[in-house]
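Chemist: Have a look at this one.
The values are calculated or read from the model by the stated rules, or taken from the named source; none is laboratory data. Predicted, not measured: the structure shown is a model, and the values here were computed from it. Backbone-built Cβ (ideal geometry, glycine too); neighbour counts: all protein chains shown. Heads up: the accessible areas ignore ligands, DNA and RNA and are worked out on the full protein's heavy atoms, side chains in. Shrake-Rupley method; radii C 1.70, N 1.55, O 1.52, S 1.80 Å.
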Amino acid sequence: MKRNWFITFTVLMWLAPVVVAYRYWQVWQQLPVRMVSHFDAAGHANGWMPRETSLYFTLGSMTLVLLVFSIVLFLIIRKYSLAKLSWALLAFFHLEVWMIAYMMNSIVNYNLDGSPIAIAPFLLVTPIAVVVLLIVALAEKRGDRLPVMVAPHNDAIVEEVHNGRAWSALFVVLAAIALLVPNQSGRLAMALVAIIMVLACAMAWDGFHYSFTRHGVEIRTLGFRLKSIPLLQIKKYEVGDWNPLRGYGIRGIGNHKAYVWGNKGVRVEMFDGEVFLGHADPQRIVRDLSVITNHQP
């Protein structure tokens, strides 16, 4: 039943270009033959095109975005069981598509009567939605905290760290670029983007900390527990490569997660899912897993 609702709401996203097309049709005769179609960051018109081209370009770009979103959601429903993050991502995609439709309507209104372009809502809502999505992603399917024995006993056997210092430099550059937006509403929105980039920089610099104990593996970053892998849930593990097209950082949905800043690591298969532990030296992860599972490397 949940899958049917998920598919239904995915299909409903495709109403957005229909609504935009209807809006163009509604005011077609009032639109100028040559429309303003592009604006700079300050909201000033700096691009024009024939109204027919504007219509085709708008519908084409929205269709492309919807195709990407639909493929992502299709892969989610095909490969993973539906979880909170699945629904959060669906809601985020809906928000983005309808915000685009809202912006297109704003451009039409500008060409009709010179109404100001509504840039602020789009610039503010999207970064806030991204933050909410990240919170849902971090909180989802972490598992119960592993038991910890008090001193003088110590459950920790070894801790490995997998960081992405090169990614940190990139996030700093992106944060600096975000703050260069000239208009006031844009600066406020880009400040939110810059904050996200700074947090991403800190996370990449600190890296993923894998704590191997007698009870399993705990994964942390910046002191925050991302996931616990109970020892009894570990089915098997092997060195594997990571496909760059799948992205970096915290990836995956539900019980299929990856923590990776590079292209190598160890794929840990569990009885209820899978975790990919990125690391520059995967054999060290294999050795540590072998120690806690009493297997020989």
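Chemist: What pairs come out if I take residues in the range 49-64 that are within 17 Å of Val19 (Cβ to Cβ) and pair them with residues that are aromatic (Phe, Trp, Tyr) and modelled with pLDDT of 90 or more whose C-beta lies under 6 Å away, six or more apart or interchain?
Modeler: Leu55/Tyr24
Chemist: Evaluate the range 240-247: report whether one residue or more is free of Cβ contacts under 8 Å to residues at least 60 places away in the same chain and part of a strand (DSSP E or B).
Modeler: We begin by selecting, within the range 240-247, every residue free of Cβ contacts under 8 Å to residues at least 60 places away in the same chain; these are 240-247.
Now drop any that are not part of a strand (DSSP E or B), which leaves 240-241.
Yes: the range 240-247 contains one or more residues that are free of Cβ contacts under 8 Å to residues at least 60 places away in the same chain and part of a strand (DSSP E or B).
Chemist: Cβ-Cβ under 8 Å, sequence separation 6+ or interchain: first residue in the range 15-31 and free of Cβ contacts under 8 Å to residues at least 40 places away in the same chain, partner open to solvent by less than 70 Å² (accessible area, probe 1.4 Å). Which pairs?
Modeler: Sorted first by the residue in the range 15-31, then by its partner, the pairs are Ala21/Leu55; Ala21/Leu59; Trp28/Arg51.
Chemist: Can you report the number of residues in the range 207-218 which are assigned to a strand (DSSP E or B) and farther than 12 Å from Asp144 by Cα?
Modeler: Total meeting the criteria: 6.
Chemist: Examine the range 70-80 for a residue that is at pLDDT below 90, open to solvent by 30 Å² or more (accessible area, probe 1.4 Å) and outside any helix (DSSP H, G or I), and state whether such a residue exists.
Modeler: Within the range 70-80, one or more residues are at pLDDT below 90, open to solvent by 30 Å² or more (accessible area, probe 1.4 Å) and outside any helix (DSSP H, G or I).
Chemist: While we're looking at this one, here's another question. Just the residues that are in a helix (DSSP H, G or I) and of a type in the set (Gly, Ala, Ser), please, taken from the range 81-118.
Modeler: Matches in the range 81-118: Ser86, Ala88, Ala91, Ala101, Ser106.
Chemist: Moving on. Go through the range 191-225 and count every residue that is under 26 Å from Leu289 (Cβ atoms), open to solvent by 10 Å² or more (accessible area, probe 1.4 Å) and touching a strand residue (DSSP E or B) at 6+ places or on another chain (Cβ under 8 Å).
Modeler: Here the count works out to 10.
Chemist: Look through Gly278, Gly262, Gly252, Gly273 and report the one residue that is buried (at least 16 other Cβ atoms within 10 Å of the Cβ) and closer than 15 Å to Leu138 by Cβ. It would help to see each step written out before you state the result.
Modeler: Numbers: Gly278 fails: closer than 15 Å to Leu138 by Cβ; Gly262 fails: closer than 15 Å to Leu138 by Cβ; Gly273 fails: closer than 15 Å to Leu138 by Cβ.
One residue alone meets the criteria, Gly252.
Chemist: Filter the range 226-248 down to residues that are under 23 Å from Met203 (Cα atoms) and surrounded by 18 or more Cβ atoms within 10 Å (Cβ to Cβ), then give me how many there are.
Modeler: 5
Chemist: Separate question: Given the structure, is Gly223 within 23 Å of Trp205 (Cβ to Cβ), under 17 Å from the mean Cα position of the chain (by Cα) and at pLDDT below 95?
Modeler: No, not satisfied.
Chemist: Now, a different point. Quickly run through the range 81-103 and pick out the residues that are open to solvent by 40 Å² or more (accessible area, probe 1.4 Å) and aliphatic (A, V, I, L, M).
Modeler: Leu82, Ala91, Leu95, Ile100
Chemist: Here are some residues: Gly240, Gly249. Which one is in contact with a Gly (Cβ under 9 Å, 6 or more places away or on another chain), more than 15 Å from Gly164 (Cβ to Cβ) and not charged (D, E, K, R)?
Modeler: Numbers: Gly249 fails: more than 15 Å from Gly164 (Cβ to Cβ).
Just a single option satisfies the conditions, and that option is Gly240.
Chemist: In the range 16-62, what residues are open to solvent by 60 Å² or more (accessible area, probe 1.4 Å) and in contact with a helix residue (DSSP H, G or I) (Cβ under 8 Å, 6 or more places away or on another chain)?
Modeler: Answer for the range 16-62, where residues must be open to solvent by 60 Å² or more (accessible area, probe 1.4 Å) and in contact with a helix residue (DSSP H, G or I) (Cβ under 8 Å, 6 or more places away or on another chain): Val19, Gln30, Val33, Arg34.
Chemist: Contact list please: Cβ distance under 8 Å, first residue in the range 254-266 and over 15 Å from Glu238 (Cα atoms), second residue β-branched (Val, Ile, Thr) and surrounded by fewer than 19 Cβ atoms within 10 Å (Cβ to Cβ), pairs at least six apart or on different chains.
Modeler: Lys257/Ile250; Tyr259/Ile250
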